[in-house]
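Each remark here refers to the structure printed beneath this line.
The values are calculated or read from the model by the stated rules, or taken from the named source; none is laboratory data. Owing to the predicted nature of the structure, the values given are computational and were not obtained by experimental measurement. Reconstructed Cβ throughout: ideal geometry from the backbone, glycine too, with neighbour counts over all protein chains shown.
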Amino acid sequence: MSYQQGLYPIIEKTAIAKNTYSFTILAQEIAEMAKPGQFVHVKCKGYFLRRPISICEIDRKKGTLRIVFEIRGEGTEALSHLNVGDVVDMLAPLGNGFDILEPDKKAVVIGGGIGVPPMLEVAKQYQNPMAILGFRSASAVILEQDFKQYGRAAVSTDDGSYGRRGFVSDILNDYLKEETPDIIYACGPAPMLKVLKQIAKEHGVRLQVSLEERMGCGIGACLVCACRTKKDGKESMSHVCKDGPVFEAEEVQF
Amino acid sequence: MADLSVNIAGVPFKNPIITASGCFGFGKEYEKLYPLSKLGGISLKGTTLEERAGNPAPRIAETPAGMLNSVGLQNPGIDHFLKYDLPYLKDKDTVLIANIAGHSVEDYCEVAEKVSDSDIDMVELNISCPNVKSGGLAFGVSCQSAGSIVKAVRSRCKKPLIVKLSPNVTDITEIARAVEAEGADSVSLINTLLGMRIDIQTRRPVLKNNVGGLSGPAVFPVAVRMVWQVKQAVGIPVIGMGGIATWKDAVEMMMAGADAIQIGAALFSDAYTPLKVAEGMNAWLDEQGIRHVSEIVGQVKPW
């Protein structure tokens, strides 16, 4: 794993939903190194700690990264005020990324809310991926058309204002009645991941999840972003930034 | 080029910049960004006799100009450190400082003994961690307990001994004098200030541990004041830390009385802070016509 810290220009900025922005950033060397599921650690002007934001797309030819983030607090709000031509102070690419199988394998990617963006680059690694995307309501739906460029996509909303009323787990359960994927990938709120872990276990399908936790250094030195994991019967405190953010779901103690 | 070298308790440092314990792990992660040889020294992650899992997350909360942490001394234990982490570090051409903590006087002594026969250059005794119930702070808040633990460890530690002091006391100079009297070779200060943040929506503390240690630029003036007071109270070298983020901060801390400085939380804003501090300090000394960095130590001219 290799990473670097520097200033990188924003070459495209779009507001893709209420309080949700997409930045395309020119960062040749980071794009070369980056893998699906990794994240960038971004400095927000005026705030002490960096913010971890997952990588949504990697374009090695153009040397760009795309990140999609939601305004969660004052730091991400400050970030949202940056414009094309401004530079972003990033430490990246960080974390381990998803384990990608052969392109012809059957993969399902599942995103909940702001957990949707990192799944896009994963979906792009497969010939016919199935995307299951969950949102609070119609106004929060993002990236559906992007996923449809690379495969199938089904959307659920909590209030039924768009797509199917309910949760991503409802769509997954129906999907699993018809098909058995080789792997499922997921990112979203912990309760969602916990339910998916149970479903994947029942169906004997491998599930990789991307976790979120408040971070400090982002590279595994400060040990603040702890999560409980269990491997080979031994429970331990792993760190989302370095040991993750991607974990085998069966190892995560939700 | 000014001469940045300093000597702390007989140990030569190429520059006065040390990364602070808990913020730099065992060095591996930051070495992907720059060689560790650029640093005067590394104060390694606090290590205890047995492995410790630490506190539940969230362990960090942002604050105005700083952060709270409640890691709780997560570490692999001293034996694991000596066997798997130290061999990697020993040829990095920087001073290695083992930061040690424990539950009891005997714990501290055993760890100090184990470290004494290793390639570690110095020991930093952590009697000031606010994040574990018996993780040291209990020893660091009274002159008697601080003095007695230093006396016990001193008799069983063959390495130069730095004692890391807590700011969560009424008079830090009394504690500094007490540890000096029992044989400390140097003091480092300040550890974090105990703090708290609450999410007003959930009415829950942001940290799962409820309280945690405050660090970052927010604590810098407190640290400068305490270093200044301690410098006047003791004769042993003082290592100053607490909120240093720029070369100007480092110069200020040295003028207050620090013979060397440590950089911690600022690493999370900018991983290159220690290198930028060294460069900036060097340029300023040249500009001022000061040949040796030690010439500025304690040179504040109080009113």
Filter result for the condition that a residue is surrounded by fewer than 23 Cβ atoms within 10 Å (Cβ to Cβ), more than 14 Å from chain B (Cβ to nearest Cβ) and modelled with pLDDT under 95, over A:LYS106, A:LYS18, A:LYS62: A:LYS18
Does region B:112-131 include one or more residues that are within 20 Å of the chain's Cα centre (by Cα), within 14 Å of another protein chain (Cβ to nearest Cβ) and either under 19 Å from B:LEU194 (Cα atoms) or not aromatic (Phe, Trp, Tyr) (or both)? yes
Give the residue that is surrounded by the most Cβ atoms within 10 Å (Cβ to Cβ), with candidates limited to residues of region B:44-61 that are within 8 Å of B:ASN75 (Cα to Cα) and among the charged types (D, E, K, R). B:LYS45
What are the pairs with Cβ atoms under 7 angstrom where one residue, in region B:256-285, is part of a helix (DSSP H, G or I) and the other, located anywhere, is buried (at least 17 other Cβ atoms within 10 Å of the Cβ) and at pLDDT below 95? Sequence gap at least six, or different chains. B:ASN282/B:ALA2; B:LEU285/B:ALA2
Can you tell me which residues in region B:140-181 are hydroxyl-bearing (Ser, Thr, Tyr) and either in contact with a Lys or Arg (Cβ under 8 Å, 6 or more places away or on another chain) or assigned to a loop (DSSP other than H, G, I, E, B) (or both)? B:SER142, B:SER166, B:THR170
Enumerated strands (runs of 3 or more DSSP E) restricted to region A:1-84, each holding at least 1 residues that are of a type in the set (Asp, Glu) and in contact (Cβ under 8 Å) with a residue 60 or more places away in the chain: A:4-17, A:51-59
The correct count of residues that are out of contact with any Gly (no Cβ under 8 Å at 6 or more places or on another chain) and closer than 30 Å to B:ASN55 by Cα in region B:222-241 is 1
Among (1) under 19 Å from the mean Cα position of the chain (by Cα); (2) more than 14 Å from every other protein chain (Cβ to nearest Cβ), which single condition is B:ILE60 missing? (2)
Could you please find all residues in region A:142-152 being surrounded by 14 or more Cβ atoms within 10 Å (Cβ to Cβ) and over 15 Å from A:CYS56 (Cβ atoms)? A:GLY151, A:ARG152
Please list, ordered by first then second residue, the pairs with beta carbon atoms under 7 Å, 6 or more apart or interchain, first in region B:20-35 and under 13 Å from B:LYS92 (Cα atoms), second crowded, with 24+ Cβ neighbours inside 10 Å. B:PHE26/B:LEU44; B:PHE26/B:LYS45; B:GLY27/B:ILE42; B:TYR30/A:ALA221; B:TYR30/B:PHE24; B:TYR30/B:ALA271
